Amino acid sequence: DASLYDLEQVEVVRGPQGTLFGSGAVGGVVRYVTKTPDLEKTTGYIYVDYSDTKSGGNNVLTKGSVSVPVIKDRLAVSASGYMEDAGGFIDNGLTGEEDIDSSDYWGGKLSAKFAVSDKVTLVGNVIHHEAEFDSASYETFDNTTGEPIFGDLQTEFAAPRDIEFDLYSLNASIDLGFADLVSIKSDQTIKIVNVSDVTLDFGATADALAPAGAPHSLALRAGDDSDRFTQ
């Protein structure tokens, strides 16, 4: 999930939805509406948040935004961004390494608003997010007893995950007097790389094929890329 920052409002839209919001979301949609650049005045903020996690590490979130009118009442630009360091709470029961599921998030948004005339307005956005998870937040359980093998909040395998998200959008609005004609284009790209522990699935086969005493933990690295264009 992208970090929530530079928001104008949050809307809960009832389902089912067609192609307007959510593109087929039967249960409804939570819609996040970001701020547009202010055509009249310079605005901005800086925000810092600190917390700690029980049985885990510290968390620091820093975010900020600035909006500047380039041509008053006609053209304005804004930039916003964030960085978040989230401490983990799962330890490696084999190596003794602590908080192996920590994660880092960062991203930003560039936006421009152009009042072409009193009736025509263009808003363009470029959004980029990245997330790096050092491992998944799970314990290793015994399938027979249902009990943790290494103890509470411990596992044997680090399963990192990287996510990269890009979104380009253009919103054109024309005031027709009796109604507004709105065109919204967007192009979205998501890249995900996962490393999964498949020892339980294929460990026995590895034991049979590997030399005696060789490690038999098996990691599966998989990627998933998606592109989506909407109009």
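Note down the magnitude of the dipole of the chain about its Cα centre, charges +1 on Lys and Arg C-beta and -1 on Asp and Glu C-beta and zero elsewhere, to the nearest 20 debye.
So the dipole magnitude of the chain works out to roughly 1580 debye.
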Q | Selection from T34, V68, A222 lying farthest towards where the dipole of the chain points positive, charges on Cβ | A | V68
Q) Excluding S67 itself, what net charge comes from residues whose Cβ is under 15 Å from its Cβ, given Lys and Arg +1 and Asp and Glu -1? A) +2
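Given the -39500 (n - 2.57) contribution per DSSP H run of 4+ residues, what per-residue ellipticity at 222 nm results for the chain, rounded to the nearest 500 deg cm²/dmol?
Only helices count here, giving -1500 deg cm²/dmol.
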**Q.** T145 paired with A219, simple spin-label distance in nm, labels 7 Å along Cα-to-beta-carbon
**A.** 2.8
Q: Could you please state how large a percent of the accessible area of the chain is carbon and sulfur, counting protein chains only and using a 1.4 Å probe?
A: 55
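Only four residue types carry charge here, +1 at the Cβ of Lys and Arg and -1 at the Cβ of Asp and Glu. Report the dipole size of the range 32-118 about the Cα centre in Debye, rounded to the nearest 20. Working shown, then result.
Details: 8 positive and 14 negative charges, 170 e Å.
The dipole of the range 32-118 has a size of about 820 debye.
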Q. Counting only heavy atoms of protein chains, what accessible area per residue, in Å², does the range 69-110 have with a probe of 1.4 Å?
A. 51
Q) Among H129, G93, F150, which residue has its Cα positioned farthest towards the positive end of the charge dipole of the range 61-168, with +1 placed on the Cβ of Lys and Arg, -1 on the Cβ of Asp and Glu, and the dipole taken about the Cα centre? A) H129
Q. When Cα Rg over 2.2 N^0.38 Å is calculated directly from the model, which label among (i) 1.21; (ii) 1.35; (iii) 1.03 fits?
A. (ii)
Q.
Which residue fluctuates most in the GNM of the chain (Cα springs below 10 Å): L39, L181, L75?
A. L181
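The values are calculated or read from the model by the stated rules, or taken from the named source; none is laboratory data. This is a predicted model, so every value here is computed, not measured. Cβ: placed from backbone, ideal geometry, glycine included. Neighbour counts: every protein chain shown. Note: areas computed on protein heavy atoms with side chains; ligands, DNA, RNA excluded. Shrake-Rupley method; radii C 1.70, N 1.55, O 1.52, S 1.80 Å.
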